[in-house]
Structures are given as C-alpha cells and as structure tokens.
Amino acid sequence: MRDDLISYLITDPKYYSNDKNVFERNIRRVLKIKKVDIACFRDKESENFNELANVFIKVCKEFNIEKILINGHYKLAKKLGATGVHLTSSQFEKIKKAKDLDLYTIISCHNYDDIEKAQNLYADAITFSPIFHSPNKSEAKGIHILKEATSIYENTNIIALGGIIDDEHITKISNTKAFGFASIRYFI
C-alpha cells in the first residue's frame, strides 16, 4: 500500500451502534487498531445524532485525527467543532457555504460531471463511488474507471469509496492516482 494513501473512516449505526456508550467503545476500538487520517460521523437514523456526533468528535480529537467530519450537516459540523463536512451528491450548492465556514469539504460524486462540478466549486476532496460491489448501491465502477478518473482529474483529491472491505481492495486502489480510500466496513 502507498504510504501517502489517505485512510478515511465513515461510521454507520449498523456497525457502531446508536447507544452512546457502545458507540464510544466501538469507535475507540477501531481507532486503536487502524490507521485513520480522516473520520466522518455518518448516521441517517439515530434520534440522538447530536449526542453521538459530540462523542465522535471528542474521541477523534483524543486520537489526533486531523480531519473530523460530520456527514451532510455543515452548520452542525461548525457548531460542534468538527473540522469538516462530507456533503451528499445532492448538496453541491452547499460547498461554498461550508468553505465560507472554513470547513474541510468533501462531496460525494458518482460520475465525471459531478467531479467537474466539485472541482469548479473548489471542494477540498471528493469521494467517487461505488468502486467495488456494495450493498444497495448502483453497479460497481471497477478499478479501471477509478484509474481513468484519477488520470483525467489528477488535480482533484479523489477518494475511492464503495465495497472496500480488505487489503486486496486497498492494494488495487494504491495502483491508481487516488488520494485515498474511504470505507465503513474495512475499519470494522
């Protein structure tokens, strides 16, 4: 694996729990055993979102995670002291607002038009997905499309996302010009 490949952890209540104490224990366990450069709190179902987000930010700061993101909520990210936000593919109009708040801004992209739009709006990085088969996602793009995208858009920080579950996947991503990889299940 390339030494400069960014490792991006994304949470999901399915794997981390929405019980505050279990969530904290699980995130601590993962951060002790895996290299993490960027971490994102992603939860689309828990009623105690803010409480869990606060625990997430606190624990990530203890582990000196450089970039701590909240998924989709740029105002909340700023309010809670996160360093950034990961916007969904329907939130391009929020890139400037997040950047104006001095937040590191990643946006989800699924095609070249999305990548160009993200570039023109000065997103700090993008996730490009799905690269490998992932449950409930569209057809996998495959490593060849990731290679093509990272060559065409070599001035964009492209983070591979989708179906990344083992070191074999990361080795394949390492053989592209990708900025990094993002995953939920790889870190479990």
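Nothing charged except the Cβ atoms of Lys and Arg (+1) and of Asp and Glu (-1): what's the magnitude of the dipole of region 94-188 about its Cα centre? Round to the nearest 20 debye.
Using only the charged Cβ atoms, the result is roughly 180 debye.
Quick one: net charge of LEU103's neighbours, Cβ under 14 Å, K/R +1, D/E -1?
Summing Lys/Arg as +1 and Asp/Glu as -1 gives +4.
Top mean-square fluctuation among LEU52, LEU87, LEU76, Gaussian network model of the chain, C-alpha springs under 10 Å?
Comparing LEU52, LEU87, LEU76 in the GNM, the peak value goes to LEU76.
Answer with one residue from LEU87, ILE68, ILE165: the one whose Cα lies farthest towards the positive end of the charge dipole of region 6-187, charges on Cβ with Lys, Arg +1 and Asp, Glu -1.
Most positive-ward Cα: ILE68.
Just to confirm a number: summing +1 for Lys and Arg and -1 for Asp and Glu over residues other than LYS75 whose beta-carbon lies under 10 angstrom from that of LYS75, what do you get?
+4
Measure nothing but the geometry: give the 0 to 90° angle between the long axis through the Cα atoms of 49-62 and the longest principal axis through the Cα atoms of the chain, rounded to 10°.
Result, in degrees: 80.
Place a +1 charge on the Cβ of each Lys and Arg in region 6-187 and a -1 charge on the Cβ of each Asp and Glu, then give the dipole magnitude about the Cα centre in debye, rounded to the nearest 20.
Result for region 6-187 is approximately 440 debye, rounded to the nearest 20.
Taking neighbour counts of Cβ atoms within 10 Å as a proxy for exposure, in what order, fewest first, do ARG28, ARG42 appear?
ARG28, ARG42
Multiplying the sequence separation of LYS79 and LYS20 by 0.36 nm and subtracting their Cα-Cα distance, what value in nm do you get?
Residue separation times 0.36 nm, minus the Cα-Cα distance, leaves 19.3 nm.
Between ASN175 and ASN155, with labels modelled 7 Å along Cα→Cβ, what's the label distance in nm to one decimal, could you check?
Distance between label points: 2.9 nm.
Using a/c under 1.5 as the rounded threshold, could you call the chain rounded, prolate or oblate? The axes a ≥ b ≥ c are square roots of the C-alpha gyration tensor eigenvalues, and prolate needs a/b larger than b/c, oblate otherwise.
The shape class here is oblate.
What percent does the relative contact order of the chain come to when contacts are Cα pairs within less than 8 Å and at least six residues apart?
In percent, rounded to a whole number, it is 19.
Between LYS44 and ASN136, with labels modelled 7 Å along Cα→Cβ, what's the label distance in nm to one decimal, could you check?
Between LYS44 and ASN136, the simple spin-label model gives 0.6 nm.
Laboratory data are not the source of any read-out in this text; all were calculated from the coordinates shown. The structure presented is a predicted model; accordingly, all values stated were derived computationally and were not measured. Because the Cβ atoms are built from the backbone with ideal geometry, glycine has one as well, and the counts that use them run over all protein chains shown.
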